[in-house]
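Visitor: A single structure is presented below for examination.
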Amino acid sequence: MEPVTLADYQRGVLRSALRSAFSRGEAYPLMLLACAVPAIIVPAVFIAVAGRHRALRPLRYALAAALVAFYINRLTPLWNSDGTWARISSINSASAYGTGIAVTWGTMWALTLLVWTDPWDGERVARRKRRGPPETGPEGAMDPAKAPDEDVARSLRLGHEYYWQSFPKNSSFLARFDWAMDLCLAWRGVGWSWCRTPVPHFAPPMRPHTNELVRLSTMPDKTRQGYSRHRSLASFYRSRVATVVGSYLVLDACAVIMTRDPYFIVGPAPSSYVPWSVQIEHFPYPAVGDVRPAPPPSALFAMPAYLEMLYRHHHWLVVYRNLLGLVGMMSALHIVLNLDQLARVFFGKMLAGPKSMSTIATACQLWHYPSAFGSVWQVMDYGLYGFWGSFWHQTFREGFCAPTRWLIDQGVLPSGHEVHGDKAHVGLSDTGMALGGKHTNNKNGLNGDAKDGENIKGAQAVNGINCAAKNNTPKRPPLPWITRLVALVFAFGQSAILHGAASATALPSHTRWQGPASFFVLASIGIVVQSVVLPSTLVDRLPHRVRQAVHVIFTLAWLHATSWMFMDDQGRTGIWLFEPVPFSPIRFIMSLVKGGKIPPIVSPGGSSRAGHSAWRWYHDDLMHWYTGKHWWDTGFAL
């Protein structure tokens, strides 16, 4: 069956090329076990074993080096290949892009767990049977009427209490492994004593490693950065389902519109001022072994009238594509992140009974799941670093900030000194980059008093913006400029590597990883430029609304000037060739209007020939079984 759209053509050619690479042994699919075992299972087993046997703990550096070497091996081409393919990729274009992210984040998280932090020094929120009368203090109350949400209130009525659990050194291997697995999956840090992300979280213990009760009232309903949580299961489900449904419809509209523009299918043409239809001789054809596929028919490059008009106004064409790409990305992220939360809560409550105190039962409680994005007001108040440090999702923040915290702990970088007062100066730490050292000594404030003048090891300073319970709690002034600069380099440098690797594992061979990497490097430069161009002493004199307008204009201008590097490569990677929704209501309605009768929902052409049919997911878009040459490359693949 001939391709109906240019997306069908490109999808079919790319999949044929990768299958040919599979058959020649030059590439392998993304195996679920090969992805999860090195990133999660191996570190968890080591943490569980070495936690009891202290002599083994120095081996964590060797293990981290071995995991880094393994992941680098996964990303590089085979020595006997032509270098076209990364060693692992996927028939599914979104999974191919995500392969680079999964492999690189696995490396960064392994370094965070095994090198940049002491994995046995943290404490997690756990439950146990109440051991005494309920506390009635203002912060340590175990009163169900003062519980942060209905899950906590139910647990308190059942006679449970929440406490800070250190690594269970003297417990069974399963108990230690359970603790370690919880740590390895705690990307955002909610429920852990070391959490510094701007999402709602409990204040750390005042006396670390004493099984201290959690001060339940220290978790706010909403942080200054705009991250909020739900008190009732009904409101959580309503919010998440509404977000998923709304994002689903928006993403479907974006997919329909994008597949009409060759830019989102193969990337920018050699000359961006004229359409691909007059530059077909430069069309990027992936090699299928020694065979060159037939060129796409020129009819597939036909564009709607509005796109032809925009080509006559190139600046507006760029604005249109940037906005469409941003809306598509945000919609996709909202679907993925909110579906993840829905699945964890729904299935967690199915697996664990209402009276269970297991890790699964605690992990599916509502306080674990704040909103995925912050408030857009952070962009208005803080500009570009408000966009990245507060508004944008904070999924990878702990890993991005960990190297800087390690340098602070080692005394290589200076840290700020705590001060008291109603307001702290605004710095990077205020926008979510809480970069205090691993364990901040605090003798008189929120974290408690030091006994006999000793430092309290383990009590972590709380970012005053994130979770300070009162105005007179210690707050951090801006970190020294050198520390903030190094934090920017590490955070955005790692983000550049993360997205550059995603470009390297994508299906097309003409991707340019330098594009997305440069975009994130320039984002850090933009924050520095903003701090120079818009100094607070000057901007603070402006009226509040004018000051907000200046921040928004600078942010939009910088993103517009640099986003083409990211968006161009997004088109080259073919990520929008993946059908983001299984059923397209917009395509169904369009076919119904054009045909005047109910159209066929399923395409007869199948996976790579979806055409304009409403059903979009076929075999190649789903998880499937792959049989390799060895047991370790056989299993479920994406």
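Visitor: How much length is gained on full extension from ALA36 to LEU185, taking 0.36 nm per residue of separation minus their Cα-Cα distance?
Guide: So the chain would gain 52.6 nm between ALA36 and LEU185.
Visitor: How far apart, in nanometres, would the label points at ALA549 and VAL278 be if each is projected 7 angstrom from Cα along the Cα-to-Cβ direction?
Guide: Using points 7 Å along Cα→Cβ, the separation is 4.0 nm.
Visitor: Within a 10 angstrom radius of the beta carbon, how do HIS230, HIS619, HIS630 rank from fewest other beta carbons to most?
Guide: Ordered from fewest to most neighbouring Cβ atoms within 10 Å, HIS230, HIS619, HIS630 come out as HIS630, HIS619, HIS230.
Visitor: In addition: Taking neighbour counts of Cβ atoms within 10 Å as a proxy for exposure, in what order, fewest first, do TYR61, TYR162 appear?
Guide: The most exposed by this proxy come first: TYR61, TYR162.
Visitor: Sorted by packing (mean other beta-carbon atoms within 10 Å per residue), highest first, where do 573-582, 217-226 land?
Guide: Ranking, from highest mean packing down: 573-582, 217-226.
Visitor: Treat each spin label as a single point 7 Å out from the Cα along the C-beta direction, and report the SER358 to VAL256 distance in nm.
Guide: The two pseudo-label positions are separated by 4.4 nm.
Visitor: What FRET efficiency, computed as 1/(1 + (r/R0)^6) with R0 = 51 Å and r the Cβ-Cβ distance, is obtained for SER271 and ARG131, rounded to the nearest 0.05?
Guide: It comes out at approximately 0.10.
Visitor: Going highest first, how would you order 499-512, 244-257 by mean Cβ packing within 10 Å?
Guide: For the peptides 499-512, 244-257, the packing ranking is 499-512, 244-257.
Visitor: Rounded, prolate or oblate: which fits segment 183-267 when a ≥ b ≥ c are the square roots of the eigenvalues of the alpha-carbon gyration tensor, with rounded for a/c under 1.5 and prolate only if a/b beats b/c?
Guide: Prolate is the answer for segment 183-267, as a/c is 1.5 or above and a/b outweighs b/c.
Visitor: Contour minus end-to-end for VAL327 and ARG19, with contour as 0.36 nm per residue of separation and end-to-end as the Cα-Cα distance?
Guide: Between VAL327 and ARG19, full extension yields an extra 107.7 nm.
Visitor: Between TRP631 and LEU56, with labels modelled 7 Å along Cα→Cβ, what's the label distance in nm to one decimal, could you check?
Guide: 2.2 nm
Read-outs: derived from the displayed coordinates by stated rules, not from any lab. Bear in mind that the values here come from a model prediction, so they are computed numbers and not experimental data. Backbone-built Cβ (ideal geometry, glycine too); neighbour counts: all protein chains shown.
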